[in-house]
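Data block below; observations after.
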Amino acid sequence: METVNRQKPDNYLVWAILTTLLCCMPFGIVAIVKATQVDTLWANGNYDEAEVAAQSSKKWSIAAAVASAIVCAIYVLVVVIAAIVAEL
């Protein structure tokens with residue numbers, strides 16, 4: 001059997017939910033959708049597809065966190081520039 005040597009991949013659902021709530025909602029929603037597909041695919045015997053969905057969920061969660069960091073950095077930069085311009 002194929003499942004003897006294979007473990008069900010982590011679905012990264014917790015990370016997907018956290019990035020949706022705390023970071024970038026659009027990317028986080030995609031991560032949640034991919035994370036929920038992992039268990040279904042694994043239960044149906046689609047092991048390779050489950051692993052692909054798990055990796056996709058991980059990538060979207062990371063993308064959500066990075067997007068949030070970039071937006072925060074841009075916001076801080078704009079505030080600093082506005083403060084400098086206001087003093088002139």
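Listed values, structure above:
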{"item": "The listed residue being touching a helix residue (DSSP H, G or I) at 6+ places or on another chain (Cβ under 6 Å) and within 13 Å of Val14 (Cα to Cα), out of Ala31, Ala50, Ala64", "result": "Ala31"}
{"item": "Some residue of the range 51-61 being at pLDDT below 95 and in contact with a Ser or Thr (Cβ under 9 Å, 6 or more places away or on another chain)", "result": "no"}
{"item": "Verdict on Ala69 being surrounded by fewer than 16 Cβ atoms within 10 Å (Cβ to Cβ), small (Gly, Ala, Ser) and on the phi < 0 side of the Ramachandran plot", "result": "yes"}
{"item": "Sole residue being on the phi < 0 side of the Ramachandran plot and touching a Cys at 6+ places or on another chain (Cβ under 8 Å), chosen from Ala53, Ala64", "result": "Ala64"}
{"item": "Only one of Val38, Val30, Val14 that is of a type in the set (A, V, I, L, M, F, W, C), part of a helix (DSSP H, G or I) and more than 26 Å from Val71 (Cα to Cα)", "result": "Val38"}
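The values are calculated or read from the model by the stated rules, or taken from the named source; none is laboratory data. Just so it is clear, the structure is predicted and the values come from calculations on it, not from any experiment. FYI the Cβ positions are ideal-geometry reconstructions off the backbone, even for glycines, and counts take in every protein chain you see.
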